[in-house]
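Nothing in this text is a laboratory measurement; each read-out follows from the coordinates by a stated rule. Treat the numbers as computed from the prediction; the structure is a model and nothing was measured. Every residue, glycine among them, receives a Cβ derived from its backbone with ideal geometry; neighbour counts consider all protein chains shown.
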Amino acid sequence: MATLCRPAVSVPEYVITMEETLELARSRHPDHPQLPLALRLIENTGVRTRHIVQPIEETLKHPGFEERNKVYTAEAKARVPAVVQRALDDAEVLATDIDVIIYVSCTGFMMPSMTAWLINSMGFSSDTRQIPIAQLGCAAGGAAINRAHDFCTAYPEANALIVACEFCSLCYQPTDLGVGSLLCNGLFGDGIAAAVVRGQGGEGIRLERNGSYLIPKTEDWIMYDVRATGFHFLLDKRVPATMEPLAPALHNLAGLHGWDASDLDFYIIHAGGPRILDDLSKFLQVAPEAFRFSRATLTEYGNIASAVVLDALRRLFDEGGSHHKARGLLAGFGPGITAEMALGRWHRTSEMTA
């Protein structure tokens, strides 16, 4: 049975604090009629620090879509391999043991995909399958886990590598002055994460079931407007309230498995913002403490898009994991509005050899 092993996570060295973000908003938009509202919304995110791939002075410039994509490509190639190698080491596998690489990102574009570059650069076999996913946004972290689970179910001896690389700061658009855009300028951060799903062996979450759900008629609530200047992120004000229709999907998936989504041992949830976590606590009827790993990611890194679920899982590992056979739920949310959900039990190899 497929096991999701310990993720490796890295964030860039440049840091911007909440205080610096608020001061930038004040200095750059002093006459904005809704500046007080935007400042209040940014403060309410609870994001204390974010890491960005360039110094803030460079981030605030806009040299054009072409130059920004060159930065994305160069920084991904410079930063991803070390994270991948840590994930392989933590899972106790070699590059040659990997049968498929699932690469997710919504903040830059490469063709051939980063998967091809990794195969050529890190010693993966030339017959390694490639699954690049570019248009699921924040939900792609959950989708990558689910596609790895599917692959290892179809090929029980196989191993899958998941890589999430998000440089949200490269999508900053200085001309986007809506309240939603100003809020996003204080919410999103940059990060890279990788994890191995082993078809056999390994310690972590033994994946048992996965599912997807799309809220009908919400495809324009989270979207990119692609222009000559790049990706312009559009966020509808109704997005924070989406947990009310998504919570039943989580309950239904757990029910199909004979579980109660309100009575599990751990929860690894995409931290899109504090309202998402607060509402999910309410509608799933679980204590707010259940989402402490997701809140920690949001506080320390901001919303790092598809990498959030892997970082939240990394924090569970850092805490010592859960007890053997503990039941848990993973979920990522993104454009569509889409939920990618998975159920699994914590697996300790020491329990099998004791």
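Worth a mention:
- Structure-derived volume of the Cα convex hull per residue in Å³ - corresponding label in (1) 126; (2) 181; (3) 137: (1)
- Between the alpha-carbon centres of region 329-347 and region 216-263 there is a gap of 11 Å.
- J(HN,Hα) series, region 222-227, from Karplus relation 6.51 cos²θ - 1.76 cosθ + 1.60, nearest Hz, glycine and proline x: 10, 7, 9, 9, 8, 10
- Extending 7 Å from the Cα toward the beta-carbon at both GLU289 and ASP150 defines two label points whose distance is 3.8 nm.
- Sequence-distant aspartates and glutamates (8 or more away, or on other chains) whose Cα lies within less than 18 Å of LYS70: GLU57, GLU58, GLU166, ASP190
- Computed 3J(HN,Hα) for region 236-244, one whole-Hz value per residue from the Karplus formula 6.51 cos²θ - 1.76 cosθ + 1.60 where θ = phi - 60°, is 6, 5, 7, 4, x, 8, 6, 5, 4, glycine and proline marked x.
- Ellipticity estimate at 222 nm from DSSP helix runs (n ≥ 4, -39,500 (n - 2.57)) divided over the chain, nearest 500: -11500 deg cm²/dmol
- Between the beta carbons of PHE65 and GLU20, assuming R0 = 25 Å, the FRET efficiency works out to 0.45 to the nearest 0.05.
- Note that region 27-40 has calculated 3J(HN,Hα) couplings of 6, 8, 9, x, 9, 5, x, 10, 4, x, 5, 4, 4, 5 Hz, one per residue in order, obtained from phi through the Karplus relation 6.51 cos²θ - 1.76 cosθ + 1.60 (θ = phi - 60°); glycine and proline are x.
- Estimated FRET transfer efficiency when R0 is 41 angstrom, pair GLU208-LYS282 (beta carbons, to 0.05): 0.95
- Among beta bridges identified by DSSP and lying wholly in the chain, the antiparallel ones come to about 75 percent.
- Nearby aspartates and glutamates by direct alpha-carbon distance to LYS325 (threshold 18 angstrom, same-chain neighbours under 8 apart not counted): GLU203, GLU208, ASP260, ASP263, ASP265, GLU351
- The distance between label points at ASP31 and ASN252 comes to 5.1 nm (points 7 Å beyond Cα on the Cα→Cβ vector).
- Amide proton proximity set for HIS347, modelled H, under 5 Å, gap of 5+: GLY204, ILE205, ARG206, LYS325
- When only alpha carbons are used to place a centre, region 1-69 and region 145-209 end up 19 Å from one another.
- Choice from GLU340, GLU166, GLU20 with maximal GNM fluctuation in the chain (Cα, 10 Å cutoff): GLU20
- Modelled spin labels at ARG348 and MET1, positioned 7 Å past Cα toward Cβ, are 1.7 nm from each other.
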